[in-house]
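First comes the structure, then the notes that go with it.
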Amino acid sequence: MSQTLNLTQTLDMLRDDSEGQSISMDDVISTLENRGFGPLLLAPALIAFLPTGAIPGIPSVCGILIFLVAVQRLIGKNSPWVPARLRSVEFSRDRFKDGLEWIRPWTERIDRLFRPRLSFLFSPLMSRIVAALCVVFGLMMIPLELVPMAAAAPALAIILAAIGLSTKDGIFLLLSFVFFGATAWLALTKLL
């Protein structure tokens, strides 16, 4: 990872670094690919978590993108590859801006919490464990799309993991494990 990145900055970059009436997944990837895997996991998870996640198909596309990025991290690739078809998926810039304005006060508060800590959690093994969890929970977003806003639960766990990776904050990484567990428990109890 070349540098740490905060949540508000990530959202602003996505809003500002693309043109037109819509934002494509290619815009998301191009904006974040030089910053490592954390932001590339964070962006689609945020899109699925924000009101844009209510648009039919968006949680599934975000889940597939998370899956692809996480699998590549799991096998040790240094930079991710994403198929052109997935890069071409678009969503409304206005809806994203509305969601951004709604969540901005929260992200600015959260950004003040980030700082590198519990650095022992950022071993190559832990990075692969987080990638494996993101693979599973990215795929989980696809069937959960059938229940309105249910894909937001795994998206939140991935957001916390990506924040931890992006900011080297072990507290957020540990918090993501709690949310991964809670999301798995909720999914299992609802499916069984």
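With N set to the number of residues, divide the alpha-carbon radius of gyration of segment 144-192 by 2.2 N^0.38 Å and report two decimals. Intermediate results must be reported in sequence, preceding the final value.
Details: Rg = 11.8 Å, N = 49, 2.2 N^0.38 = 9.7 Å.
Normalised by 2.2 N^0.38 Å, the Cα Rg of segment 144-192 equals 1.22.
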query: What residue among 95, 73, 85 shows peak mean-square fluctuation when the chain is described by a Gaussian network model with Cα springs under 10 Å?
result: 85
- line: Ratio for the chain, C-alpha Rg to 2.2 N^0.38 Å, reads 0.94
query: Which of the listed residues, 84, 59, 184, is farthest toward the dipole's positive end in the chain, when Lys, Arg count +1 and Asp, Glu count -1 at the beta-carbon?
result: 184
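About the Cα centre, and with charges only on the beta carbon of Lys, Arg (+1) and Asp, Glu (-1), how big is the dipole of the chain? Nearest 20 debye, please. Don't jump to the answer; show the numbers that get you there.
Numbers: 17 positive and 15 negative charges, 128 e Å.
The dipole of the chain has a size of about 620 debye.
How many Å² of accessible area per residue for the chain, probe 1.4 Å? Before the final figure, lay out the partial values.
Working: 9250 Å² over 192 residues.
Dividing the accessible area of the chain by its residue count gives 48 Å².
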- prompt: Using a simple spin-label model with points 7 Å from Cα along the Cα→Cβ vector, what separation in nm is obtained for residue 188 and residue 120?
  reply: 2.8 nm
field: Relative contact order of segment 67-192, pairs being alpha-carbon contacts under 8 Å that are 6 or more residues apart, as %
entry: 26 percent
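Ranked highest first by the average count of other Cβ atoms within 10 Å around their residues, in what order do 50-63, 123-136 fall?
Values: 50-63: 19.9, 123-136: 16.7.
Going by the mean number of other Cβ atoms within 10 Å, highest first, we get 50-63, 123-136.
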query: For segment 81-148, what is the per residue volume of the convex hull drawn over the alpha-carbon atoms, in cubic angstrom?
result: 166 Å³
- request: Quick one: what are the phi-derived ³J(HN,Hα) couplings along segment 92-101, Karplus 6.51/-1.76/1.60 with θ = phi - 60°, whole Hz, x for glycine and proline?
  value: 5, 5, 5, 5, 5, 4, 4, x, 5, 5
- prompt: Going toward the positive end of the dipole of the chain, with +1 on Lys and Arg Cβ and -1 on Asp and Glu Cβ, which of 124, 74, 22 do you reach last?
  reply: 124
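Carbon-plus-sulfur fraction of the accessible area of the chain, 1.4 Å probe, in percent?
Values: 5860 of 9250 Å².
Summing carbon and sulfur atoms, their accessible area is 63 percent of the total for the chain.
The values are calculated or read from the model by the stated rules, or taken from the named source; none is laboratory data. Values in this document were obtained by computation on a predicted structure and should not be read as measured data. Note that each Cβ is placed from the backbone with ideal geometry, even for glycine, and that neighbours are counted across all protein chains shown. The protein model used for the area step is the full one, side chains on, heavy atoms only, and it has no ligands, DNA or RNA in it. Shrake-Rupley method; radii C 1.70, N 1.55, O 1.52, S 1.80 Å.
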